[in-house]
Amino acid sequence: MKSRIVPALLALGCAAALTACGNNEDKFVSELKAAGFSNPGEPSTEKEKKSKKIGKRTVKSSEKTIEVVVRVKGCDLEFAKISGQSGYWLDELHVNGQEPDWPGYPENLNRDQVVKLLGDNSAKPDGFKSCYKPNEA
């Protein structure tokens with residue numbers, strides 16, 4: 001009897017983990033839409049594994065980062081967030097096959113704030129001028 005229960009519980013656990021990850025991605029897309037971004041792309045998830053030596057033990061952990069690309073004023077902007085945490089940040093600008101980091105990582109911006117940021121004189125990533133079209137939506 002026990003030999004049948006263990007595989008069933010493992011299968012349920014795996015299915016629950018996959019559903020939770022998908023739900024976090026869907027929630028992030030919904031969060032971006034609520035912030036005024038009408039065209040978020042497909043979310044993707046990156047996993048980062050960390051290990052830390054504490055005394056003679058090694059403690060391992062992992063962190064999932066959800067990323068979604070949104071197009072604003074001709075620029076493809078990548079927003080990111082840590083799965084299961086609140087808040088998100090503007091991570092990268094995608095231009096000409098490059099993905100330079102955004103200086104200062106502005107956090108929790110809505111669409112109007114992004115439009116303002118794109119038009120001001122603050123520091124921008126390399127390649128910004130080649131994509132920015134102030135008259136585009």
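Every number in this text was worked out from the coordinates using simple rules, so none of it is lab data. Nothing here was measured: the structure is a model prediction, and the numbers come from that model. Note that we place each Cβ from the backbone using ideal geometry, even for glycine, and neighbour counts take in every protein chain shown.
Key figures for this structure:
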item	result
Estimated distance in nm for a label pair at T65 and K53, the labels positioned 7 Å out from Cα along Cα-to-Cβ	2.5 nm
Positive-end residue, the range 35-137 charge dipole about Cα centroid, Cβ charges, pick of S62, S130, H94	S62
